[in-house]
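Shown below is the structure under consideration.
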Amino acid sequence: MHTMTSGEILLWVTDPWPTLSHPKDTTLRLMEEAVNLGIPTCWTSSDLVFADPSGSWKAALMDRTWMRSASFDPVSLMRFWEPSSFRQVHDRIDPPVNGHYIDLARRLDAGAISGEGLLNPIEVITGQTEKLPLPELGHLAPRHLVVKPEDDLTSALDFIRQHPAFVSKPMNLAQSIGVRRHNRPPSEEECLKLIAEITDHSQKPVFLQEYLPGISEGEVRMWFAMGRFIGALKKFPVSGDFRVLIDEGSRIEGHHPDAKELSVAEEIGHALRKRRIALAAVDFISGKISDFNITSPGLLVQLEEVHGLNLAERVIRDLLKGF
């Protein structure tokens, strides 16, 4: 058993190492900066952390010389640790928030018995869809509706009738997969056909959101750590699409919030601090919250690049200060 001073280590839980986007991965950037600051930092993957039936957790202590290399396999360095070794446990696997995700988060939360425990809080990352803002921030969101399999279709029909154009987002998917823009069908019969199509005949929940034409002028991402505003960038849809698809070439540029946006950022920060949400990235279109990223908020590397700043250091220092 490897031992260190109890409760001094940061543990980052991600998807398996080969699946990470190493040069641009936010978690790896944060881990790298923690190591640069001399903070003991461990990595583990969602499929290996609970390899030991005795209750120990399997993780690798990271080193700056190789941790950003996609060709290196840290699994070979993994060893068993007591959960009490970790000051903070960051659950950073990518959504969707399905049964596997929830089970992992609950097990991490149950084992994170020292320090500050699981970040973000279990009730937040398992119960808050990234397609919705926190309830107290609902007034900042565009008009929307969650259609569940058990719902009747009256509300969905009413929503579609009220919007000349709207967007559908499958609740069981993430990263813009399955997101579509629709024009309002001309008849109720065609509305019902569309609802059946996007819900897989009432088998899958779907999120409906009014279409915001301002997406053509870009979507603003604001980054927060411990409820403190870190920085912002603007991302643009790929050519011929209304969606922002970073892996397919969406353009990104730095963004400096105006006075109104900074006021909104302060309001969001207050809500995040109240719920003890350590890391978050909130997207805006035309001043309205379009996405609320709290499971594994990304694009920190790109945010640093467009501003020429070391923002990861600020994030790590804010994490260590606490709320």
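The values are calculated or read from the model by the stated rules, or taken from the named source; none is laboratory data. Note that the structure is predicted; figures quoted are calculated from it, not measured. Reconstructed Cβ throughout: ideal geometry from the backbone, glycine too, with neighbour counts over all protein chains shown.
Can you tell me which of (1) assigned to a loop (DSSP other than H, G, I, E, B); (2) over 20 Å from the mean Cα position of the chain (by Cα); (3) closer than 30 Å to LEU30 by Cα is the one SER263 doesn't meet?
With respect to (1) assigned to a loop (DSSP other than H, G, I, E, B); (2) over 20 Å from the mean Cα position of the chain (by Cα); (3) closer than 30 Å to LEU30 by Cα, SER263 is out only on (1).
Residue by residue through region 216-255, note down the ones that are of a type in the set (A, V, I, L, M, F, W, C) and at positive phi.
Across region 216-255, the qualifying residue is only MET226.
Any idea which of ILE39, ILE93 is crowded, with 20+ Cβ neighbours inside 10 Å, assigned to a loop (DSSP other than H, G, I, E, B) and in contact (Cβ under 8 Å) with a residue 40 or more places away in the chain?
ILE93 is the lone residue from the list that is crowded, with 20+ Cβ neighbours inside 10 Å, assigned to a loop (DSSP other than H, G, I, E, B) and in contact (Cβ under 8 Å) with a residue 40 or more places away in the chain.
How many of the residues in region 134-148 are part of a loop (DSSP other than H, G, I, E, B) and out of contact with any Asp or Glu (no Cβ under 9 Å at 6 or more places or on another chain)?
3
Considering only region 168-198, how many residues are within 20 Å of the chain's Cα centre (by Cα) and under 17 Å from ASP158 (Cβ atoms)?
The number of residues fulfilling the criteria is 1.
Can you say whether ILE230 is surrounded by 20 or more Cβ atoms within 10 Å (Cβ to Cβ) and touching a residue at least 60 places away in the same chain (Cβ under 8 Å), as far as the supplied structure shows?
When the stated conditions are applied, ILE230 passes them.
Considering each of SER296, SER290, SER239 in turn, give the residue that is under 23 Å from ARG181 (Cβ atoms) and buried (at least 21 other Cβ atoms within 10 Å of the Cβ).
Sole residue among the options that is under 23 Å from ARG181 (Cβ atoms) and buried (at least 21 other Cβ atoms within 10 Å of the Cβ): SER290.
Quick check on this structure: which one of GLU197, GLU188, GLU150 is surrounded by fewer than 18 Cβ atoms within 10 Å (Cβ to Cβ), out of contact with any Pro (no Cβ under 9 Å at 6 or more places or on another chain), closer than 23 Å to GLY99 by Cβ and not assigned by TED's automatic domain parsing to the domain that holds ALA280?
Working: GLU197 fails: closer than 23 Å to GLY99 by Cβ; GLU188 fails: closer than 23 Å to GLY99 by Cβ.
Within the list GLU197, GLU188, GLU150, the selection yields GLU150.
Hey, another quick one. Is it true that PHE207 is modelled with pLDDT under 95 and part of a strand (DSSP E or B)?
Here the answer is yes, as PHE207 does meet what is asked.
Still on this structure: Among all residue pairs at least 6 apart or on different chains, which show Cβ distances below 9 Å where the first residue, located in region 20-36, is modelled with pLDDT under 90 and the second is assigned to a helix (DSSP H, G or I)?
LEU20/THR27; LEU20/LEU28; SER21/LEU28; SER21/ASP247; HIS22/LEU28; PRO23/VAL301
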